[in-house]
Structure formats: structure tokens, C-alpha cells
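**Q** Have a look at this one.
The values are calculated or read from the model by the stated rules, or taken from the named source; none is laboratory data. Computed from a predicted structure; not experimentally measured. Note that each Cβ is placed from the backbone with ideal geometry, even for glycine, and that neighbours are counted across all protein chains shown. Each accessible area value is taken on the protein alone, full model and side chains, heavy atoms only, with ligands, DNA and RNA left out. Shrake-Rupley method; radii C 1.70, N 1.55, O 1.52, S 1.80 Å.
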Amino acid sequence: MFLPLNSFENICVCFLLMIIYSTAGWIGEMIYHSIVIKHLSEKRGFLNGFLCPIYGHGALLVLYVLNGGLKNPLLTFLAGMVLTTALEYFTSWMMEAIFHMRWWDYSNCKYQLNGRICLTNCIFFGLGCVLLCHVVNPPVLRWLMGIGPEYTVPVASFIFGLYIMDNVLSICSAFQLSHRLDKLQKIQQEIRQHLDEKAQLYGNRVEELTGRLMNGLEKASDEYLQERVLRLAQLRSGADMFERRLLRSHPNLRSKRHGSKLIDVLRQKKDGVVKK
């Protein structure tokens, strides 16, 4: 077995490995995305800290399933690619099932599956697994084991406390964001229904006017709409710094239940309507 979890000391070393590779993955993602957009990227990742746990979990999954890596690097590449790609697909599906939002989307890639995984990432993951198993992890593991439990245990315990707090805070923020979208959708339905009742006045512009009111581009024409627009502004301005950080960190965030337009409403910085 790669690293037997038969002692608290080994569990702490395993956790530190997860943190190290989660941080390395976050750094790599920041560099890659900054190169793609040609300027410094917004902070990436679901958590507030400088790490992406999916990379750490993927690294441990590969190390344990492949027992530290297969002898043939090509087999490590293929097996690692399958394992990490399966993990990415499952994580995307699970997070969408829990929060009703798609946190990343590869639908625009030429070779992809349901927008959850893509061929380019599969290849990078496979190469990363070869690097992890045959180059990086052996010296990193020796270093951690050489430090001794008198250091690894307290450090791991301290970081674990921060990690749990960050997870709780980020999960709560994601649920708040989902509930805020539910309320926005309700306001949107109320506005559309109110305009439908006055179809003779607005004709076939109901959908257009609904969108303009939701985006603060149209002045409310009656008291009912004014009250909805006010609630809309309160919902938009009520998003806290952690919710807004999630929106910035996931530019491709979308929701089948709410629609991308409602998420765009939350991204807006303005809180009122444009006066004509």
C-alpha cells in the first residue's frame, strides 16, 4: 500500500500531501488561466484559501489506487487519466446536484462530454499523474516522513482546522447564492406575470421588458413593479463578499434551474434602475 493509514501520524502526512497538491493545482490553474485571458486571473477555486481540493483528492486517488505509480510511465499516464477524469466528472455532477449550479463548463471545447470533462484536461491530467508518481511525490513523501510527527501532527492539525472552516464558509456561501437565485427567479416570474396581465398595453414586448427591468435598464411604470424592482435591488446588493467571490472565481457559472441571465443579474454592481 502507498501509505498505510494505520496511525494518526500517517493520516497527518496524507492530509499534508493533499494540501500540498491542492495548492500546487491552484497555482497551476491560476497560471494557465492568466495566460489564456492575457492578464492576472481572478482567484480561482471554490474555497477562499489558495487551494483547489479536487487536485489534492485526485493526487491521493491516483497514488493509492496505483500504489504510488505503475512501473511503466505510459500505464501511469493512461490509468491516471481515467481516474482523475472520472473524479472531475463525478465532482461536477455532485456539485450541480447539491447546489443546482454548474461550476465549470467545457461545452465550448471540441471534444467534451456533457460539458463536465474535455479531452485537453484529460491529457494534462494524465501527464500530471506521470509527473506526480515518478518525479514529484517520492521526494515530497520522504521529506514529510523525515520531518517527524512532532512537526507534521501539529501543523496538519492546525491546517485541518482552517480547512474545515473554509469548507463550511464556502458551502454556506454557495447555498446562499442558490437561495438568492431562487428569490430572483420568483421576482422575475412576478414581473412577467404582471406584464402578461397588461398584454394589451405592452404587446409582444413582455419578455423584453422583463429582462430590462431585471437588469435595471427600465424604469418601473407602476407601484407593483416599483416594489419588485426595489426587492430586486436589495437582493442584488445583499450578496456578501464570499458570494461575490464565488461569482468572480467561476466566470462560467451557470444554472439549468435558474438560467444564466439571473446569474448575470447578480454579477452587476449597480443596485438601482437607470432613470430615463
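**Q** Within segment 158-168, can you find the residues that are exposed (fewer than 14 other Cβ atoms within 10 Å of the Cβ) and of a type in the set (A, V, I, L, M)?
**A** Selection gives LEU162, ILE164, MET165, VAL168.
**Q** Counting residues that are within 30 Å of ALA86 (Cβ to Cβ), which helices (runs of 4 or more DSSP H) fully inside segment 125-231 reach at least 1?
**A** Once the helices (runs of 4 or more DSSP H) in segment 125-231 are filtered for at least 1 residues that are within 30 Å of ALA86 (Cβ to Cβ), what remains is 137-147, 149-197.
**Q** Test each condition in (1) open to solvent by 20 Å² or more (accessible area, probe 1.4 Å); (2) under 25 Å from MET241 (Cα atoms); (3) not β-branched (Val, Ile, Thr) for PRO4 and report the one that comes out false.
**A** (2)
**Q** Six or more apart or on different chains, Cβ atoms under 8 Å: show the pairs whose first residue is in segment 250-276 and farther than 25 Å from ARG116 by Cβ and modelled with pLDDT of 75 or more and whose second is not charged (D, E, K, R) and not in a loop (DSSP other than H, G, I, E, B).
**A** That search, which allows pairs on different chains as well, returns VAL265/LEU184; VAL265/MET214; VAL265/LEU232.
**Q** Taking the condition farther than 22 Å from PRO139 by Cα and polar (S, T, N, Q), does SER22 pass?
**A** No, not satisfied.
**Q** Identify all residues within segment 227-268 that are of a type in the set (S, T, N, Q) and open to solvent by 50 Å² or more (accessible area, probe 1.4 Å); write none if there are none.
**A** GLN234, SER237, ASN252, SER260
**Q** Of the numbered conditions (1) open to solvent by 50 Å² or more (accessible area, probe 1.4 Å); (2) touching a Lys or Arg at 6+ places or on another chain (Cβ under 8 Å), GLN189 satisfies every one except a single condition; which is it?
**A** Answer for GLN189: the failing condition is (2).
**Q** Would you check if there is a residue in segment 237-248 being part of a helix (DSSP H, G or I) and within 15 Å of LYS183 (Cβ to Cβ)?
**A** Scanning segment 237-248, I find at least one residue that is part of a helix (DSSP H, G or I) and within 15 Å of LYS183 (Cβ to Cβ), so the answer is yes.
**Q** If you don't mind, another one. If I filter segment 7-47 down to residues being closer than 28 Å to GLU150 by Cβ, within 26 Å of the chain's Cα centre (by Cα) and of a type in the set (Gly, Ala, Ser), which single residue comes out as surrounded by the most Cβ atoms within 10 Å (Cβ to Cβ)?
**A** SER22
**Q** Within segment 173-186, how many residues turn out to be open to solvent by 30 Å² or more (accessible area, probe 1.4 Å) and touching a residue at least 40 places away in the same chain (Cβ under 8 Å)?
**A** Residues meeting the conditions: 6.
**Q** What single numbered condition from (1) open to solvent by less than 60 Å² (accessible area, probe 1.4 Å); (2) more than 17 Å from LEU262 (Cβ to Cβ) fails to hold for ILE98?
**A** Result: ILE98 fails condition (1) only.
**Q** Can I ask one more? Would you point out which residue out of GLY68, GLY58 is crowded, with 17+ Cβ neighbours inside 10 Å, touching a residue at least 24 places away in the same chain (Cβ under 8 Å) and over 20 Å from the mean Cα position of the chain (by Cα)?
**A** Just one listed residue meets the conditions, GLY68.
**Q** While we're on this one: Please pick out the residue among PHE8, PHE77 that is touching a Pro at 6+ places or on another chain (Cβ under 9 Å), of a type in the set (Phe, Trp, Tyr) and at pLDDT 95 or above.
**A** PHE8 is the lone residue from the list that is touching a Pro at 6+ places or on another chain (Cβ under 9 Å), of a type in the set (Phe, Trp, Tyr) and at pLDDT 95 or above.
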